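Participant: I am attaching a structure below and will ask some questions about it afterwards.
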Amino acid sequence: MNGEDNLSRLKRLKTKANKLPKTPGVYIMRNKSGDIIYIGKAKALKNRVTQYFGAGNQHPEKVRKMVSNVEDFDFVLCESEFEALILENSLIKQNQPKYNILLKDDKGYHYIMITGDKWRRITASKDTADRRAKYIGPYYSSLVVKDTVDETVRTFKLPDCNRSFDKPSKPCLNFHIGRCDAPCRGKIPLSEYNETVDSAIAFIKGGFSADILDELRERMQAASDNLNFEYAAKLRDRINAINKLREKQRVVMCAYPSQDVFASVSSSGSVGVGVLVFRNSRLTDKKVFFFDGEYDKGELYGEFLRRYYDGEKDIPKRILLDAPADDGELISEWLSSLSGRKAELLVPERGEQKKLVEMCRGNVAENMAQRVGRTGERTSILSLLKDMFGLKATPEVIEAFDISNTGGQENVAGMVVFSGGKPERGSYRRFKIKGFSGQDDYRSMAEVLDRRFSEYEKGTDKGFSRLPDLILLDGAAGQISAVLPVMEAHGIDLPVFGMVKDGKHKTRAIATTGDDIEIKGNRAVFGFITEIQDEVHRFAISYHRKKRSERMLGSQLLEIPGVGEKTLKALIKHFKTVSAVKAASYEELCEVKGVTKTAARNIREHFEDK
């Protein structure tokens, strides 16, 4: 195989792939060293594997890189697609291929520890090394563990110190401010203390369940009946504290006892997948995973969910996603077989469940924003644009164009640039339409895009030296149709959409060559597109007004004695703009070839009289 070029390699691999049967199975891609670099499963091996090696395939960047390193592949036939999925998971776990999604936990797990001491304590722990202790977890988030421990200790007024409680001692500040019952005083029996710890453990496991509150009410009533009013008052305060905390935490509770919520955000060539874990109707953990490369959401979830739940014992009945997963029914069947009960993949479209997905997306966006150095809101919006417009990559750089004229006169255009979701004013550009006279927005837009891409090919203007990830035109399908031939002529393949306005000149939808994409339903995207459309309109019309003002000023110059068409042209050639002529001194006017001293004096007197 030495010296084999890329086309020959792809042809050889495709020839081999064409010999595969159209049956379920697993395919194993290897590099020149024989190392496994990717493992996948297929319902029909031949159809799936040949796609990798077809000429002109528009694969995502990650897939192109993988294919460029494939020297050979193996395969294993299976009885069913479900059997192939099980085998694929097993092989990936064993081989950890470079191009598969691998969930590497570099932060470690976190636990809530109940110590094995006589007077048990509840605390956070990074491991399970103490064999005498009992643990609740694992959790991915250390913050969740810390907050849960703090919340529980405060609610049940448990100690967070290292004191010995076998001998009475003077209590610390926490007792005096009502945050601890201070068993150090020697006034709380061990049995009562252990009851409190048991209630706290039940609270951690069960959250705000009615059973916990009912039990506390029963114990409060029993204490009261036994005339133990001090203990009854403690239980009453504990019930009130739990109810108050329940109201505070209601925003992170859901109607279903057990479910996981997934959402993802793409930015700067990477993707973040977030998980909100709800157990006993309460948010108990949050996880975020990051991967290099851009992914189609369906493909991403189809592979990610299998890695995430492989070997997991705690699989909920409901799994919410912000987009459907590839092989969703197959994954549901697999999850059901792992958990022993039905597990559903759902994409909510409204209500509380939709809000939970948006909450998850917001969390991922904030984490991604910290990585790429921008606000979480802009990160989320750009990722939403990728999904809504069906883009291959997150639109980090967006160029928008608008035409402005008055009855065909002073026909100009403006180009604005948004980078990372923010205006990049140093890259804004203006165009004066030169190819024709009169009003024709379609021809104007085509000319502007032609000149923009010609400048890119020249490479002399820094503002034109890169191509955007997305082009937006002020207009509908007609503007798109006008510029597509121009882009084809330049060999430019970029996504182009129109910004459609309603009868009140407000952004309504996004135009395509097919059906319009309605964006009013998503406030964040709608606001962002409106911001772009307003900005490009402002920029274009300000240039148009300037040119119109100069034309009117030029007409004034022709009314001045001694200034004719030739003199006006000489003045404009020298000063570039009519405004500069107006501001020029008598001496500066006299320096212009073709301008007489009389004409120069008349010009100055004309404008000084204004």
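The values are calculated or read from the model by the stated rules, or taken from the named source; none is laboratory data. Note that the coordinates shown come from a computational prediction; the quantities given were computed from them, not determined experimentally. Neighbour counts are summed over all protein chains in view; Cβ atoms, including those assigned to glycine, are modelled from backbone coordinates with ideal geometry.
Participant: Within region 477-506, count every residue that is outside any helix (DSSP H, G or I) and in contact with a Phe, Trp or Tyr (Cβ under 7 Å, 6 or more places away or on another chain).
Facilitator: Selection size over region 477-506: 3.
Participant: So is residue 28 among the β-branched types (Val, Ile, Thr), under 26 Å from residue 288 (Cα atoms) and in contact (Cβ under 8 Å) with a residue 40 or more places away in the chain or not?
Facilitator: No: the conditions fail for residue 28.
Participant: Looking at (1) over 28 Å from residue 287 (Cα atoms); (2) among the aliphatic types (A, V, I, L, M); (3) touching a helix residue (DSSP H, G or I) at 6+ places or on another chain (Cβ under 8 Å), can you tell me which one residue 63 breaks?
Facilitator: (1)
Participant: Please give the number of the condition residue 370 fails out of (1) more than 13 Å from the chain's Cα centre (by Cα); (2) loosely packed, with under 15 Cβ neighbours inside 10 Å; (3) within 24 Å of residue 270 (Cβ to Cβ); (4) not basic (Lys, Arg).
Facilitator: So residue 370 meets the others, but not (1).
Participant: Let me confirm something: among 123, 152, 148, which residue is polar (S, T, N, Q) and in a strand (DSSP E or B)?
Facilitator: The conditions single out 123.
Participant: Which residue is nearest to residue 471 (Cα to Cα), if the candidates are limited to region 424-457 and must be polar (S, T, N, Q) and buried (at least 16 other Cβ atoms within 10 Å of the Cβ)?
Facilitator: Restricting to residues being polar (S, T, N, Q) and buried (at least 16 other Cβ atoms within 10 Å of the Cβ), the top hit is 427.
Participant: Within region 507-537, can you find the residues that are over 27 Å from residue 358 (Cβ atoms) and touching a strand residue (DSSP E or B) at 6+ places or on another chain (Cβ under 8 Å)? Spell out how you get there, then give the answer.
Facilitator: First, the residues of region 507-537 that are over 27 Å from residue 358 (Cβ atoms): 513-514, 536-537.
Those that are over 27 Å from residue 358 (Cβ atoms) and touching a strand residue (DSSP E or B) at 6+ places or on another chain (Cβ under 8 Å): 536, 537.
Participant: Of all residues in region 20-54, which are in a loop (DSSP other than H, G, I, E, B) and surrounded by 11 or more Cβ atoms within 10 Å (Cβ to Cβ)?
Facilitator: 20, 21, 22, 23, 24, 31, 35, 43, 44, 53, 54
Participant: A follow-up question, please. Quick one: in region 51-72, of everything that is farther than 28 Å from residue 333 by Cα and of a type in the set (A, V, I, L, M, F, W, C), which residue is modelled with the lowest pLDDT?
Facilitator: The qualifying residue modelled with the lowest pLDDT is 55.
Participant: Separate question: With the checklist (1) closer than 30 Å to residue 448 by Cβ; (2) modelled with pLDDT of 90 or more; (3) in a loop (DSSP other than H, G, I, E, B) in hand, flag the one item residue 323 doesn't pass.
Facilitator: (1)
Participant: Continuing with this model, one more query. Working carefully through the options 262, 304, find the one that is within 30 Å of residue 203 (Cβ to Cβ), among the aromatic types (Phe, Trp, Tyr) and at pLDDT 90 or above.
Facilitator: Only one candidate passes the filter, namely 262.
Participant: If you don't mind, there's one more thing I want to ask. Restricted to region 227-259, and to residues that are of a type outside the set (A, V, I, L, M), assigned to a loop (DSSP other than H, G, I, E, B) and more than 18 Å from residue 148 (Cβ to Cβ), which residue is modelled with the highest pLDDT?
Facilitator: So, considering only residues that are of a type outside the set (A, V, I, L, M), assigned to a loop (DSSP other than H, G, I, E, B) and more than 18 Å from residue 148 (Cβ to Cβ), the one modelled with the highest pLDDT is 256.
Participant: Now for a different question. What is the residue count in region 265-285 for residues that are of a type in the set (D, E, K, R) and modelled with pLDDT of 80 or more?
Facilitator: Here the count works out to 1.
Participant: Here is a further query. Which residue, of 340, 328, is without any contact (Cβ under 8 Å) to a residue 40 or more places away in the chain, assigned by TED's automatic domain parsing to the domain that holds residue 380 and on the phi > 0 side of the Ramachandran plot?
Facilitator: 340
Participant: Do we have residue 290 as outside any helix (DSSP H, G or I), touching a residue at least 40 places away in the same chain (Cβ under 8 Å) and either hydrophobic (A, V, I, L, M, F, W, C) or crowded, with 20+ Cβ neighbours inside 10 Å (or both) here?
Facilitator: yes
Participant: Here's a check for you: in region 142-164, which residue that is closer than 30 Å to residue 289 by Cα, in contact with a helix residue (DSSP H, G or I) (Cβ under 9 Å, 6 or more places away or on another chain) and not aliphatic (A, V, I, L, M) is surrounded by the fewest Cβ atoms within 10 Å (Cβ to Cβ)?
Facilitator: Result: 151.
Participant: Right, another one. Please verify whether region 195-210 includes one or more residues that are more than 44 Å from the chain's Cα centre (by Cα) and either closer than 23 Å to residue 145 by Cα or loosely packed, with under 15 Cβ neighbours inside 10 Å (or both).
Facilitator: Yes, region 195-210 has at least one match.
Conditions (1) in the same structural domain as residue 444 (by TED's automatic domain parsing); (2) touching a helix residue (DSSP H, G or I) at 6+ places or on another chain (Cβ under 9 Å); (3) surrounded by fewer than 15 Cβ atoms within 10 Å (Cβ to Cβ); (4) at pLDDT below 90, marked per residue:
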site: 460; (1), (2), (3), (4): yes, no, yes, yes
site: 466; (1), (2), (3), (4): yes, yes, yes, yes
site: 470; (1), (2), (3), (4): yes, yes, no, no
site: 476; (1), (2), (3), (4): yes, no, no, yes
site: 496; (1), (2), (3), (4): yes, yes, no, no
site: 510; (1), (2), (3), (4): yes, yes, no, yes
site: 518; (1), (2), (3), (4): yes, no, yes, yes
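Participant: Follow-up question, since we're still on this one. Out of the residues in region 478-494 meeting the condition of being surrounded by 13 or more Cβ atoms within 10 Å (Cβ to Cβ) and among the small types (Gly, Ala, Ser), tell me which one is nearest to residue 444 (Cα to Cα).
Facilitator: Going through the qualifying residues, I end up with 482.
Participant: Another question, then. Which one of these is over 19 Å from residue 366 (Cα atoms) and crowded, with 19+ Cβ neighbours inside 10 Å: 338, 320, 283, 276? Walk me through how you get there before you give the answer.
Facilitator: Numbers: 338 fails: crowded, with 19+ Cβ neighbours inside 10 Å; 283 fails: over 19 Å from residue 366 (Cα atoms); 276 fails: over 19 Å from residue 366 (Cα atoms).
Of 338, 320, 283, 276, the one residue that is over 19 Å from residue 366 (Cα atoms) and crowded, with 19+ Cβ neighbours inside 10 Å is 320.
Participant: Could you check region 366-464 for strands (runs of 3 or more DSSP E) lying wholly inside it with 1 or more residues that are without any contact (Cβ under 8 Å) to a residue 60 or more places away in the chain and hydrophobic (A, V, I, L, M, F, W, C)?
Facilitator: Numbers: elements: 397-406, 409-419, 429-432.
The qualifying strands (runs of 3 or more DSSP E) are 409-419, 429-432.
Participant: Out of (1) in contact with a helix residue (DSSP H, G or I) (Cβ under 9 Å, 6 or more places away or on another chain); (2) in a loop (DSSP other than H, G, I, E, B); (3) more than 19 Å from residue 334 (Cβ to Cβ), what's the single condition that is false for residue 101?
Facilitator: Only one criterion is unmet by residue 101, namely (3).
Participant: For region 70-95, which positions are under 11 Å from residue 38 (Cβ atoms) and hydrophobic (A, V, I, L, M, F, W, C)?
Facilitator: Scanning region 70-95 gives 70, 73, 91, 92.
Participant: Looking only at residues that are touching a residue at least 24 places away in the same chain (Cβ under 8 Å) and among the charged types (D, E, K, R) in region 84-133, which one is surrounded by the most Cβ atoms within 10 Å (Cβ to Cβ)?
Facilitator: The residue in question is 88.
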